[in-house]
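Encoded as structure tokens, the structure appears first; notes follow it.
The values are calculated or read from the model by the stated rules, or taken from the named source; none is laboratory data. Keep in mind that this is a model prediction, so the values were computed, not measured. Positions of Cβ are generated from backbone atoms using ideal geometry, with glycine treated the same way; all protein chains shown enter the neighbour counts.
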Amino acid sequence: MSLVRVQFEEPFESLECNGEVTLLSYIYIYYTGMCPARETTRRAVMQLDARLAAIAALVPHGTALADIGADHAYLAATLVLHGHAPRAVVGDLSAGACAAARRTVGAQRLTRQIDVRQGDGLSVLLPGEAESIVIAGMGGGLIADILAGAQDILGDVGTLVLQPMNGAEKLRRWLYAHDWTIEKETLARAGGHLYEIIRAVHGHTAMPEPALLHIGTQLVQQRDPLLGEHIARKAARLARAAEGMEGSAEARQSAEYRAAVSLLAALRTLQARADADRRTH
């Protein structure tokens, strides 16, 4: 796993003297030196995997943050600890996740800067509370539904940082249709997966063609280093779906099949261009 290391000084009062503590798969915090019973200040090393680090890098500096579906609040804690965000609201529907987030916030002595709230989507926020919103680790369709149900909140939000686990094309389509423009996208590899991360701001942009909704216009324009692999993975999944329909004469006559074949051809054209760019740069 590729990790990004961030160091900070912070006192801890209630940690056992166990040499190393692992907090899930995305962040590891380990302690060196004397046992906390004999020393009140610890040097901790917080490590974000490439997915969380890429999300953190797209959050605008100095903006009040809301992290929705934040699980253990690692992202918010890192951004606040390093002065990247002055304050944060962490929201999750799960009581267990909120309890874990409160433990993280308490251990880092961030209870004044980070408020953990249990609730559904953006219902945990009041208008004007957040300037940037992160929603990560959910399906693109679900993220779009969360955004669609909170128009009163989004009016005061300047930036959305979104990481769909699937259905990225549905999310992009919703953003373009509701006057959000995608200003930056990046790909991150972690745990054998490629993750798409989208930053959107208010503004109108014409709806891209279907292939670019699936791949990401900014990823293509910015020539992301992982673009070729990204397109190849999408094309392979679509090819399998098309092959599954080819066994049925009725399916081959369907609009769905024709759309899949057309999209697959467009993706292969994009992949050929990406491969050519990689060879020439």
Tell me whether segment 224-245 contains one or more residues that are touching a His at 6+ places or on another chain (Cβ under 9 Å), in a loop (DSSP other than H, G, I, E, B) and modelled with pLDDT of 90 or more. yes
Test for residue 105: is it crowded, with 21+ Cβ neighbours inside 10 Å, more than 19 Å from the chain's Cα centre (by Cα) and either at pLDDT 90 or above or not assigned by TED's automatic domain parsing to the domain that holds residue 144 (or both): yes
Reported set for segment 188-223 where residues are part of a loop (DSSP other than H, G, I, E, B), free of Cβ contacts under 8 Å to residues at least 60 places away in the same chain and over 14 Å from residue 266 (Cα atoms) is 192, 203, 204, 205, 206, 207, 222, 223
From 78, 63, residue being among the hydroxyl-bearing types (Ser, Thr, Tyr), at negative phi and surrounded by fewer than 21 Cβ atoms within 10 Å (Cβ to Cβ): 63
Given (1) surrounded by 20 or more Cβ atoms within 10 Å (Cβ to Cβ); (2) hydroxyl-bearing (Ser, Thr, Tyr); (3) modelled with pLDDT under 95, number of the condition residue 41 does not satisfy: (1)
Out of 188, 200, 206, sole residue that is surrounded by fewer than 18 Cβ atoms within 10 Å (Cβ to Cβ) and out of contact with any Asp or Glu (no Cβ under 6 Å at 6 or more places or on another chain): 206
Going by what's in this entry, would residue 212 be described as under 26 Å from the mean Cα position of the chain (by Cα), at pLDDT 95 or above, aliphatic (A, V, I, L, M) and not assigned by TED's automatic domain parsing to the domain that holds residue 53? yes
